[in-house]
Amino acid sequence: MIVSKPARDWGICFMLKSYLRYRQFLFLWTGIVLAIYAFLQYLYWYPLESIGYTALIVLTLLVLISALDYRRYRRRLRQLDSLTEAWISLEREMPDTRDPLEQCYQQLILKQRAILTEEKEKQNAAQKQREELVTMWMHQIKLPLASLSLILESLEPEDTISASHLNEMKLALMRTEQYAQTALKAIQIENLKEDLILEPCDLGELCAEVIRKQALPFILKKLQLNFTPFHQTIVTDRKWLGFILEQLLSNALKYTDAGTISVTFLCDPTPHLIIADTGRGIAAADQARLFERGYTGYNGHHDFKASGIGLYLCRKTADSLNIKLHLESEKEKGTQVHLIFPSPDLFFYR
């Protein structure tokens, strides 16, 4: 049964006026036909009584038929009014009709209802994702803030900040900025296609810029960087491609405790960028689901900072930029992420 607001009290006068407007063409046509009939009968010298009786019979039948039609009209109007706030069982509660025009109207209403339902479900899903994102961000942001708080608490008023403490504070601030940036991108990605600005971009310069931003974790973890500067112009959105590179490099730094991180560009057989590390690696069972939203895998279960959102955003952004992401990994040996760019025809070579 539909849950809806009570039907409105239309009032008899309003209902009658509404019905007369609804059937005004019928009444007008009946009046014109009667007038023509009376005029023709009068021209042929028919008695006025005969003309009057005929008109009275026709009007009486019209009133009776209109009374029955009015009851049907009032019932349908109230039934439709009861559906104005209904959101379920709309198809079952629609008034029965054999009128093709009304059937078309009902189909249009049901179609609009389906579209509105779908949009409402999308909005609810987006709202749920935003709530999950805010919750995730609040949990992530606690760690760098707690680190800053511990460093400050360990300092005496007369102490000077050592280089190690300063680096740790910088690292905590950098992580805070990264978490905030990830949360912002997760919100913006809902309308990613409207935000894209495709223009020529030097991939080598962008890689160097991203590596410079991550210099501090390299220094603190004493990791070796293997990167040969190169110049390759591609057509892409610089901001969003930079976001992908930052996420992938950040993940490589997070799960590499010793060894080397490499950033390599190759043109054969197709243009692609490889970000490789010698870190913990990823279990084969986790690799298939690693780009799913919220999936953290084995490493994520042992790293409370993992949220399972970064790689999901990378895959979604890469799909919009027509970039294929391919991951290869072996447990305890390291991981390689390949960014395979579009056909060489879309590249501007220097």
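What follows is calculated from the coordinates using simple rules that are stated; it is not laboratory data. Just so it is clear, the structure is predicted and the values come from calculations on it, not from any experiment. Here the Cβ is made from the backbone with ideal geometry for all residues, glycine too, and neighbour counts use every protein chain on show.
Remarks
- Sorting 310-317, 35-42 by average packing, meaning the other beta carbons within 10 Å per residue, from highest down gives 310-317, 35-42.
- Reachable lysines, given that their alpha-carbon falls under 19 Å from the alpha-carbon of Lys324 and they are not under 8 places away in the same chain: Lys193, Lys239, Lys316
- Summed residue charge, Cβ within 12 Å of Tyr312's Cβ, Lys/Arg positive, Asp/Glu negative: +2
- Neighbours of Phe291 by Cβ distance under 12 Å: Lys/Arg scored +1, Asp/Glu scored -1, total +2.
- Cα-centre dipole for segment 196-346 with unit charges at Cβ (Lys and Arg positive, Asp and Glu negative), debye to 20: 500 debye
- Computed from the C-beta positions of Gln188 and Ser50 and an R0 of 56 Å, the FRET efficiency is 0.10 to the nearest 0.05.
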